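Accompanying notes for the structure given below.
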Amino acid sequence: MPKKITIEPVTRVEGHGKVTIHMDDDNQVVQSRLHIVEFRGFERFIQGRPYWEAPVLVQRLCGICPVSHHLAAAKAMDMIVGAGTGDGLSPTGEKMRRLMHYGQIFQSHALHFFHLASPDLLFGINADPNIRNIIGVALEHKDLAVQGVMMRKFGQEIIQATAGKKIHGTGAIPGGINKSLSKEERDSFLKGEDPLNIDKMIEWSLGALEFFKGYHKANRELIDDFASFPSSHLSLVRKDGAMDLYHGVLRAVDSEGKKILHDIDYQDYASYIGEEVKNWTYMKFPFLKEIGKQDGWYRVGPLARMNTVDFIPTPLAQKEHELFRAYTNGKPNGMSMHMHWARLIEILHSAEMMKELLNDDDIMGNDLVVKGNKTLEGVGLLEAPRGTLFHHYRINRNDQIEMANLIVSTTNNNIPMNLAVESVAKKYLNGHAVISEGMLNAVEVAIRAYDPCLSCATHALGKMPLEISLVDKDSNIIDKKYSG
Amino acid sequence: MTKTDKKILIYGYGNPGRYDDGLGIKLAEEIEAWTEKTGIGNVYCETNYQLNIEDAEIISNYDIVIFADASEEDIDNISLSMLSPSDSKIEFSMHAVSPAFVLDLCKKIYNKKPETYLIHIKGYEWQFSEGLSKKAQNNLNQAIEQARSIILNPGKLAGILNKTA
């Protein structure tokens, strides 16, 4: 009988992730599922509130990616105040929002790579968990740990300068923004004391990519074969097919690269995307209606974006994108661990975008807000760090929100994460009577590659515990692990 | 105007949009107002939704750090503990980390180990709204007194708490 591993939770959450892996008598994996215990009270909570409060109120969802929710809600409200979508704002309004967004992507991806993924890469999936963590990285590879901390700090300072404050930022408002950047703020990001300046951020982003490519060269089997499976991919792209993480049209491609969602206006997303409910989880399963519930699922996030866009409109990231696409001969890349590679290319792209925006005088302009003819419904989409984020609101004649629907990135990746878990569970657990820490960590590594925000998907209070249970054919739990 | 000999950081964290989860933030705001009113210098306040790795760099600049957070654990109204880097625990996501983790990372990267306390303030209600429940407000008042005591008598509490840094 395998040893029972239980780590008790110490948390105050309403939702959490749970993986259940069913084994038969021959210790073969027969089924695996990632359950998300979801709390969907937020859409109800926001009903009746004035629409202009939404960009601030949505930050109550959780404290992990409030900027993405803030901007997605503001984009939906742009429609409601008649400011149009994306390019309807003043140049200052749009560029300040973009700067905030790229700051968010930059700091979120840096956190993930340097402090979440790097321990698994540097020490190996089977390494002692007491070493395989960021504290271990800080001891053995101090330079990487410091870079992660300072890149995260730089991104956070960009957010604070554009959103106004760290908590419940108010920078984005319906139809625009409420502040622009001062010259002093701009100069501090462009020419700040080493290392807190944009050129150093670009240099470190390139260094991280070189580190990964070197690692990949030496560990092809792990990076290429781990949780690899074909899928469709979905993201926003600019109208000319370029990567645009803030605004664009919705595109999806199948596993061969054929377009299956043809650059649609996302205001019409509900005509193309459905949401299925299943009886074993509260989290919904989005799918492309034209293809159907069974096969219409897709991936979102950094890997998907590399597969959907035609090019990246910044020179250094574009060179890396060409290498990325060449690796699979131009076909979509379905290798889950290549998510790290894609994420690093996006870190570089975000740094280049921030430099471009900081050097644009519009960022210091005074024309902050645009308004037009009010409408009663608006949809706001953007590419959040983890993937496409949907915010949809309808208001009544008294300016109160009467309907809200959110599809968060982690929900979009629901099926891909389940498939990744299944793939790894079969590879690492099949035939083993005793389950080791390393085997269970392999399952976590597969989930972590998608950087899921279970807190966001479940609307929990800023934490993301994960429980993994092994179950025998009689439904007895034979092993359990809890990461709080 | 007085000024403490030591540079002190009060760091409140939580989501003030989730009712009593804003207790830590509220404590930092109250202490900031108190130090401004009384003219006590060398005391700084920070707030955020949750702690993360960059906070290791922030706390490396202080002699004393007091983290404040809401809690729904089975504690008395408030709980004060002194933190050690060895209390650090690795979590699954790293989307948020514990105060002890921040202290541990600070020690490993910056070779600094500020005297660090955690004030846990018991909360009761966590709905999507701003404000505090009545019982949480009472607990906050006690926590504010505790924080003021540490600020006015820096270092003295270290000897009477069970844990040592």
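Take each residue of peptide B:48-59, count the partner chain Cβ atoms within 10 Å of its Cβ, and average: the result is 6.
Each of B:Y124 and A:N130 was given a label point 7 Å from its Cα along the Cα-to-Cβ line. The distance between the two points is 4.3 nm. Below 21 Å, Cα to Cα, which lysines can A:K473 reach? Residues fewer than 8 away in the same chain don't count. Reachable lysines: A:K3, A:K4, A:K18, A:K426, A:K427, A:K481. The mean count of C-beta atoms from other chains within 10 Å of the C-beta of residues in A:144-153, rounded to a whole number, is 4. As a ratio to 2.2 N^0.38 Å, the alpha-carbon radius of gyration for region A:196-284 is 1.52.
Among A:127-136, A:437-446, A:320-329, B:15-24, the peptide with the highest mean count of other Cβ atoms within 10 Å heads the list, and the full ranking is B:15-24, A:437-446, A:127-136, A:320-329. Peptide A:47-59 shows a mean partner chain C-beta count of 1 within 10 Å per residue C-beta. How large is log10 of I(q)/I(0) for region A:119-271 at q = 0.14, 0.19 Å⁻¹ when the intensity is taken from the Debye formula with one equal scatterer per alpha-carbon? Debye intensities relative to I(0), on a log10 scale: -1.11, -1.17.
Across the cross-link table entries A:K284/B:K26; A:K179/A:K355; B:K37/B:K135; B:K6/B:K108; A:K217/A:K259; A:K213/B:K113, which are compared at the Cα atoms, the separations over 24 Å belong to A:K284/B:K26; B:K37/B:K135; A:K217/A:K259; A:K213/B:K113. Highest mean first, the peptides A:20-27, B:26-33, A:100-107, B:128-135 sorted by other C-beta atoms within 10 Å per residue fall in the order A:100-107, B:26-33, A:20-27, B:128-135.
Averaging 1/r across all pairs of distinct Cα atoms in chain B and inverting the result yields a Kirkwood radius of 15.8 Å. Counted over all Cα-Cα pairs of region A:287-350, pairs farther apart than 20 Å make up 30 percent. Under a model in which nothing but the beta-carbon of Lys, Arg (+1) and Asp, Glu (-1) is charged, region B:100-145 shows a dipole of about 220 debye around its Cα centre. Around the Cα centre of the protein assembly as shown, unit charges on the Cβ atoms of Lys, Arg, Asp and Glu (plus for the first two, minus for the last two) sum to a dipole of about 360 debye.
Shown for chain A are the DSSP H helices of 15 Å or more along their axis, judged by Cα atoms, with a mean Kyte-Doolittle hydropathy of at least 0.0: A:66-80, A:142-163, A:338-358, A:414-429, A:437-448. The Stokes-Einstein estimate for chain A, based on a Kirkwood radius over Cα pairs and taken at 25 °C with 0.890 mPa s viscosity, is a diffusion coefficient of 107 µm²/s.
Any read-out appearing in this document is the output of simple, stated calculations on the displayed coordinates, not a laboratory observation. Just so you know, these numbers come straight off a predicted model, no measurement behind them. Methodologically, a virtual Cβ is constructed for each residue, glycine included, from the backbone with ideal geometry; neighbour enumeration extends over all protein chains shown.
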